[in-house]
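Only one structure is covered here, and it is reproduced in the block below.
Taken together, the values in this text are just the output of simple stated rules run on the coordinates, not laboratory data. What you see is a predicted model, and the numbers here were worked out from it, not measured in a lab. Cβ atoms come from the backbone with ideal geometry, glycine included; neighbour counts cover every protein chain shown.
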Amino acid sequence: MDYLEHFKPGKIRCGWLKKKDDTEFVIKDCGIPKRIGHDKIDEKFGTNFQIFFSDIGDFNRRGISNKELAYQKSAKFKYDKAKEKYLNTYSFNIDNPNHFEKELLNFDDNGSIRGKVVFTGQPGKRFKANNGRWTGHFYEFIFPENSTNKELTIDKKVIDNFLFAYYEQDKNQWSVDWDYWRTKLNNGEEIPVFFSEENGKVKHFGLSYLYKLPYNYSVHDSILKTQGNNSANELDFTSCLFGYSRKIDDKLNNLKGRVHVGHAFALENTAILLDEEKYVLGTPKASYYPNYIVQNPDSSGKITGNYLTFMHDKAEISGYKRYPVRSKIAGTNFQDNMDRVATRFKPLDKGATFKCAISYHNLRAEELGALISALTFHNTTDQFHSLGMGKPFGFGRITVDVSNLNSYLTPLKAFEAYMKYSIDGWETTNQIKELLVTSTLHDNQQEIDKVLKYQTLTEFVNAKRRNNMWALLPYSKIVKQTNFKFESWSSEKERNEYNAIWNKEKEVYKELTADNLQQKYNAKLSKKRNEITQVFETEKKKLSEKLSAKLKELENIQKANAAAAEEQERIAKREEARLVAETEGPALGNIPDTDRNALDSISSAIEVWARNFYIIKKTEKIIKENPNGYLIEIFRATLKNKLVEVANLGHKTQKDKLAAPFANNPFFRKIQTWVGPDVAQQWYDDLNKTK
């Protein structure tokens, strides 16, 4: 409903998108798009869309490849079939002013509406439903043209959303149409788009009428709403321990990490490689709002009312993705027709043991304790980590043992005390509860599997239909266990001692930052740094200029030598090719007489020979310079003999081509360019006598 609200009749406009430079795009506004039926287009353009895309046509026929189907579904397929007739501006009249709130047009040379035909993709076949009404894509668009078409500029964010929606950042995911349109756009041509406009500004746009609509809020925006807008600039344990490189207030900030995890090596005779497995692995998408947005479903997983989506300012992110550990490996979901999307891997047998070292330096007690807590689930024994892409099916379940853990219990207590100091009741929060429950093995694995599994494509769509409205429950509710929490290792006395230390540190920090002390120190440090940097940059610039001049001189010499060598090589190759052409003639000997494409092969062989012999790439120029035929005399007899063999022994299609009336015989028109009109006529007569 959030989506369709933006596409009500009269809200979507059409226009022509043009790229002015690398950063500026404009849309020429053509107003509300009109519609025209496939039957009218077929009649005007000579296409057969009405039949082809129907349930009795060849569209999406059995056995068609995925690549061919993607092409048939694209707008490019229709443009190719319409050839270049769609480029023209036509006149139209109104055929039906209110066909399901759409204005239908028809071609009319005297019509008052001027515009161009614009095609969009074909999602599926057109067929008659059980209620007797036709369903499926049958209408294309007319973009009106008039003298008042105005240009609208587009904000960079709107352009970025458009490019992201069509996977500009990932060539492997380009659709047939995006590959087609982006080429035209980058060549300075206009491409048809549909858009929404508000107060003279483009809000969003796409390549089809029902285009991909950008959400009002990103995943990042939703996280900030949950954690607070300042959280993006604040530091947490992870940032402080492992470092970061990120922008804060539009300035790049970097912090070096203080923890290094070394490579883990398998102990001898423990890592046993098993046979290859084949599974189909899905990747959760943040756009699937039933799971990614907090929905507050009932105990069965169903919600009432409407979904919250990234369109709503009250939407909160559900959390982070975590695959629950499994007591048993799930059976494969691979089927025989899934090779294209299957992932193959060879897992290790259970019992594989690895050893590594974790190096750290300059950590506070609570920071070191945080590291130990994360590795050991706060020193518990019933939880498991999981690694690798097979996690959803139970692969990669591991336990991490710290060999000298007893010597780290004091930092672990410091971390626990700090968490209690910062967040009252942290060990019983929902985040900790869900961490522990998803890391614990459960006896009722078979019952869990019935609920928690990959959705099929049909289930994926049906889950959010109006009569279903399903959302993903927290895992604790799925397994019906909600009593998980971290065990406490610190005493109240120890926590009070730590609290006293941190309260004192707060006071010291206040003193150090009072009266702009830190700003004054930074300003003085910055001034001295700038003085040193200026001296260094001056010397560096002098050396750089000298080096650049020398490199440029060397580069010019190398380019000149390379160019001369390339030219000599090209001349030698051309002369060699001409000598071969002069002595051996066209390569006709390898062309089978019975081949159904023999005449095309003969034509190609002679054209290749001509380009090599005359050292001219364009055949038209060779023909112009040799009006009596460009095939030299010594090779004409060989050509004639080849034609006689094809006429007598060749495929029926080739014989028919040779026997067609001379006046309008396409192949003999080519022969005239090879041997001249008179000789061609004589050959034609000889061939037909022979036949």
Between Asp108 and Ala264, what is the spin-label point distance in nm, taking each point 7 Å from the Cα along the Cα→C-beta axis?
7.5
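Counting only helical runs of four or more DSSP H residues, what would the 222 nm mean residue ellipticity of the chain come to if each run contributes -39,500 (n - 2.57) and the total is spread over all its residues?
-12500 deg cm²/dmol
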How tilted is helix 176-186 with respect to the longest principal axis of the chain? Cα atoms for both, answer in degrees (0 to 90, nearest 10).
80
May I ask which residue of Met338, Leu348, Pro324 lies farthest towards the positive end of the charge dipole of segment 303-360, with charges of +1 (Lys, Arg) and -1 (Asp, Glu) on Cβ and the Cα centre as origin?
Leu348
Using only Cα atoms, find the angle between the long axis of helix 517-584 and the longest principal axis of the chain, and express it within 0 to 90 degrees, rounded to the nearest 10.
30
Can you count the Lys pairs in segment 507-575 whose Cα atoms are under 29 Å apart, with each pair 8 or more apart or on different chains?
27
In segment 592-656, the trypsin sites (Lys or Arg not before Pro) that sit in a DSSP loop and have at most 15 other Cβ atoms within 10 Å of their own Cβ are Arg596, Lys617, Lys618
Could you tell me the center-to-center distance, by alpha carbons, between segment 310-348 and segment 541-560 in angstrom?
55
Output for segment 144-204: chymotrypsin sites (Phe, Trp or Tyr not before Pro) sitting in coil per DSSP, at most 14 other Cβ within 10 Å, listed by number, reads Tyr167, Trp174
In segment 484-523, which GluC sites (Glu not before Pro) are in a loop and have at most 14 other Cβ atoms within 10 Å, using DSSP for the loop call?
Glu487
Run the quick spin-label model on Asn172 and His137: label points 7 Å from Cα toward the beta carbon, then report their separation in nm to one decimal.
2.6
Would you kindly derive the ³J(HN,Hα) couplings of segment 664-671 from the backbone phi angles with the Karplus curve 6.51 cos²θ - 1.76 cosθ + 1.60 (θ = phi - 60°), listing them in order in whole Hz, with x for Gly and Pro?
10, 8, x, 6, 6, 5, 5, 4
Leading residue at positive end of dipole, the chain (Cβ point charges), from Thr594, Ser373, His6
His6
Applying 1/(1 + (r/R0)^6) with R0 = 51 Å to the Cβ-Cβ distance of Thr238 and Ala587, what FRET efficiency is obtained, to the nearest 0.05?
0.15
Taking 0.36 nm per residue of separation and subtracting the Cα-Cα distance, what length does fully extending Gln558 through Trp502 add?
13.5 nm
Label-reachable residues, segment 442-467, where backbone N falls under 13 Å from a point 7 Å from Asp298's Cα toward its Cβ:
none
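Of Lys8/Lys203; Lys11/Lys125; Lys251/Lys321; Lys413/Lys493; Lys28/Lys73; Lys40/Lys184, which pairs sit farther than 19 Å apart, going by alpha carbon to alpha carbon?
Working: Lys8/Lys203 15 Å; Lys11/Lys125 27 Å; Lys251/Lys321 30 Å; Lys413/Lys493 11 Å; Lys28/Lys73 27 Å; Lys40/Lys184 27 Å.
Long pairs (Cα-Cα over 19 Å): Lys11/Lys125; Lys251/Lys321; Lys28/Lys73; Lys40/Lys184.
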Listed candidates [x] 36.8, 117; [y] 39.3, 130; [z] 31.1, 124 - label of the one calculated as Rg and Dmax of the Cα atoms in Å:
[x]
Relative intensity, log₁₀ I(q)/I(0), of segment 507-575 from a Debye sum that treats every alpha carbon as a point, q = 0.14, 0.15, 0.22 Å⁻¹
-0.70, -0.74, -0.93
Using modelled backbone amide H atoms (1.01 Å from N, in-plane), which distant-in-sequence or interchain residues come within less than 5 Å of Ser386's amide H?
Ile398
Net charge (Lys, Arg +1; Asp, Glu -1) of residues whose beta-carbon lies under 10 Å from that of His38, His38 excluded, is -1
Treating the beta-carbon of each Lys and Arg as +1 and of each Asp and Glu as -1, no other charges, what is the dipole magnitude of the chain about its Cα centre, to the nearest 20 debye?
540
Could you check what % of the DSSP bridge pairs in the chain are antiparallel, to the nearest 5?
95
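Quick one: if the Förster radius is 35 Å, what FRET efficiency do Thr23 and Leu255 give, using the C-beta to C-beta distance and rounding to 0.05? Working shown, then result.
Details: r = 32 Å, r/R0 = 0.92.
It comes to 0.65.
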Tilt of helix 365-376 relative to the longest C-alpha principal axis of the chain, in degrees (0 to 90, nearest 10)?
60
From the residues Pro33, Gln481, Ile634, which one has its Cα farthest along the dipole of the chain in the positive direction, the dipole being from +1 and -1 charges on Cβ of Lys/Arg and Asp/Glu about the Cα centre?
Pro33
Spelling out what I want: for every residue of segment 345-360, take phi, set θ = phi - 60°, compute 6.51 cos²θ - 1.76 cosθ + 1.60 (Karplus), and round to whole Hz; glycine and proline get x.
7, 10, x, 8, 5, 4, x, 5, 10, 10, 9, 8, 10, 10, 9, 8
Run the quick spin-label model on Leu409 and Ala660: label points 7 Å from Cα toward the beta carbon, then report their separation in nm to one decimal.
9.6
Near the amide H of Asn333, under 5 Å away, which other amide H atoms are found, from residues 5 or more places off or on another chain, if H is placed in the peptide plane?
Val280
Convert each backbone phi in segment 332-340 into a coupling constant with the Karplus relation 6.51 cos²θ - 1.76 cosθ + 1.60 (shift: θ = phi - 60°), then list the ³J(HN,Hα) values in order as whole Hz, x for Gly and Pro.
5, 9, 6, 10, 4, 8, 10, 4, 5
Between Leu387 and Arg529, take the C-beta separation as r, use R0 = 41 Å, and let me know the FRET efficiency to the nearest 0.05.
0.40
